[in-house]
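The values are calculated or read from the model by the stated rules, or taken from the named source; none is laboratory data. Computed from a predicted model, the values in this text were never measured in an experiment. Because the Cβ atoms are built from the backbone with ideal geometry, glycine has one as well, and the counts that use them run over all protein chains shown.
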């Protein structure tokens, strides 16, 4: 009422809301949630809309209206039913993410509405449902909320926390609920490629997800640059308008987006870089597994008669737990432990949250994750999966031995002066790109008038220039192309870089390197030579000559290298370009297309 009169706008809004609920006139659209590792769809989020052309078509207005007129339960129930009714043709290996207000979990009407029988009527099971908790208000009774959640988790449902990093969905929520999925709020994703602070926050969430087996999902991805940054940070999955807009059915994502995700993951792997490309699958041991119902005494006998310290517990070929020999022995060693546990299932004492790693994870990354576990779990086995199915286990002893061997082998291949990869790694790297149809840029860096500097200032100062040049090239490349830039030291004052980036970005790199080199190189000359911009030297005939101070020539080749048969042919091609570059006075670069 306003001054005794009816507020017409409110009246029409409540009437519209009532009409929608009575007629069940809600439409559901589904937005793909995509793996940022291999571009496969892991599930769809069900999103509800009001009738077309209705003032409540927008979901924000629709749910705000329901909250205003105390119809939140009725609207959410209608949205859930509609989402499930239309999901009968959803593939069984895909999840359906359904938004749920946390306060209704304890409601008996909600419990009755999500029985297995109800889902079975629509060709679904609890195993494919993810309750996406959209926390709009503060939860005051976390203990009761956790108990309500456990009721659903025990039935096979999974939990996701929505809008993490915004509002009430903070660290306390994560700690109390320990969800299967963490959905990062779109405000943290927006322009993350330009914001180092946001990137640091995401890195923390990635490490948390790795150590707890919670899967990280980025919401609201709207640009290619945001997507690339999230892939480089190791985020598990994502959704957003750039990947695919919501649709009325379960659509696949565009091929161009798939190709981008796959391509950038290949760049991230940096196959031509160093020992980090060795994956944990190379040291997996396919030990015997047990089911969760196996009696403790059976596994105790298995440990006692075999030189094995742990075993994976599986269900339908998927790991669900880990039991270590010392953990089982400790349980049996307690007062009445033998009587209590001997004939009881191993599920009572197993670790339900072990470290589970994909077969293709780099060994150095596995080592970092293993060492970040709680102290009591440091020496526990690492479970390895391939396509989410049990593949084997890795002991910490084998992991550390293998990692040490890799590091020693790699260290032998580094140039001792610059600590950059040497000729063997460079040769292997170029051989790898000759086998692909992808486009690369190979850059050779060479110092001009470096010999006269060595003769005048001495070899120790010459080494300082070499180290300065190596550091400059490496820093600039890692700054511009942190996940797909290779830098190697051929020897002496020659360096090579291999990039998989557009030609304009490669030219921009060359310009920046030259600009900074020309500024920094002056610090290695005395005041007189620096002011003159030349060195007075005596040639072999005893004649004095003036030679320009040291400069940098960059020669590059851009394109597909499949026409070359070996690295030597590439070197000959670049040598010809370098010869032309050296004819130009001062620092410069020349990049030609592959012939």
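At a glance:
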| quantity | calculated |
| --- | --- |
| Residue 318 vs. criteria within 24 Å of the chain's Cα centre (by Cα) and more than 20 Å from residue 399 (Cβ to Cβ) | yes |
| Region 528-560: number of residues that are free of Cβ contacts under 8 Å to residues at least 24 places away in the same chain and touching a helix residue (DSSP H, G or I) at 6+ places or on another chain (Cβ under 7 Å) | 1 |
| Residue list for region 232-259, filter: in contact with a helix residue (DSSP H, G or I) (Cβ under 9 Å, 6 or more places away or on another chain), in a helix (DSSP H, G or I) and under 30 Å from residue 83 (Cα atoms) | 257 |
| Number of the exception - residue 332 against (1) within 17 Å of residue 391 (Cβ to Cβ); (2) surrounded by fewer than 19 Cβ atoms within 10 Å (Cβ to Cβ); (3) touching a residue at least 24 places away in the same chain (Cβ under 8 Å) | (1) |
| Residue list for region 265-281, filter: modelled with pLDDT of 85 or more and either crowded, with 19+ Cβ neighbours inside 10 Å or assigned to a loop (DSSP other than H, G, I, E, B) (or both) | 280 |
| Residues of region 302-318 that turn out to be in a loop (DSSP other than H, G, I, E, B) and either in contact with a helix residue (DSSP H, G or I) (Cβ under 9 Å, 6 or more places away or on another chain) or surrounded by fewer than 11 Cβ atoms within 10 Å (Cβ to Cβ) (or both), as a count | 4 |
| Wholly within region 478-564, strands (runs of 3 or more DSSP E) carrying at least 1 residues that are in the same structural domain as residue 433 (by TED's automatic domain parsing), under 30 Å from residue 193 (Cα atoms) and at pLDDT below 85 | 485-491 |
| Matching residues, region 472-492, being touching a residue at least 12 places away in the same chain (Cβ under 8 Å) and out of contact with any helix residue (DSSP H, G or I) (no Cβ under 8 Å at 6 or more places or on another chain) | 474 |
| Residue check, residue 525 over 20 Å from residue 491 (Cα atoms), crowded, with 19+ Cβ neighbours inside 10 Å and either under 45 Å from the mean Cα position of the chain (by Cα) or in contact (Cβ under 8 Å) with a residue 12 or more places away in the chain (or both) | yes |
| From 481, 486, 495, residue being surrounded by 17 or more Cβ atoms within 10 Å (Cβ to Cβ), over 17 Å from residue 555 (Cβ atoms) and touching a strand residue (DSSP E or B) at 6+ places or on another chain (Cβ under 7 Å) | 481 |
| Set 389, 325: member being touching a residue at least 24 places away in the same chain (Cβ under 8 Å), touching a strand residue (DSSP E or B) at 6+ places or on another chain (Cβ under 7 Å) and not assigned by TED's automatic domain parsing to the domain that holds residue 35 | 389 |
| Residue 183 being at pLDDT below 90, on the phi < 0 side of the Ramachandran plot and crowded, with 19+ Cβ neighbours inside 10 Å | no |
| Test for residue 568: is it without any contact (Cβ under 8 Å) to a residue 24 or more places away in the chain and surrounded by 12 or more Cβ atoms within 10 Å (Cβ to Cβ) | no |
| Residue check for residue 262: modelled with pLDDT of 85 or more, assigned to a helix (DSSP H, G or I), under 27 Å from residue 366 (Cβ atoms) and in contact with a helix residue (DSSP H, G or I) (Cβ under 9 Å, 6 or more places away or on another chain) | no |
| Qualifying residue in region 387-396 (condition: modelled with pLDDT under 90 and out of contact with any helix residue (DSSP H, G or I) (no Cβ under 6 Å at 6 or more places or on another chain)) | yes |
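This table checks each residue for (1) surrounded by fewer than 21 Cβ atoms within 10 Å (Cβ to Cβ); (2) touching a helix residue (DSSP H, G or I) at 6+ places or on another chain (Cβ under 6 Å); (3) part of a loop (DSSP other than H, G, I, E, B); (4) touching a residue at least 12 places away in the same chain (Cβ under 8 Å).
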residue	(1), (2), (3), (4)
29	yes, no, no, yes
38	yes, no, yes, yes
47	yes, no, no, yes
53	yes, no, yes, no
60	yes, no, no, no
63	no, no, no, yes
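Table: residues versus (1) modelled with pLDDT of 80 or more; (2) surrounded by fewer than 13 Cβ atoms within 10 Å (Cβ to Cβ).
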position: 139; (1), (2): no, no
position: 144; (1), (2): no, yes
position: 160; (1), (2): yes, no
position: 165; (1), (2): no, no
position: 189; (1), (2): yes, no
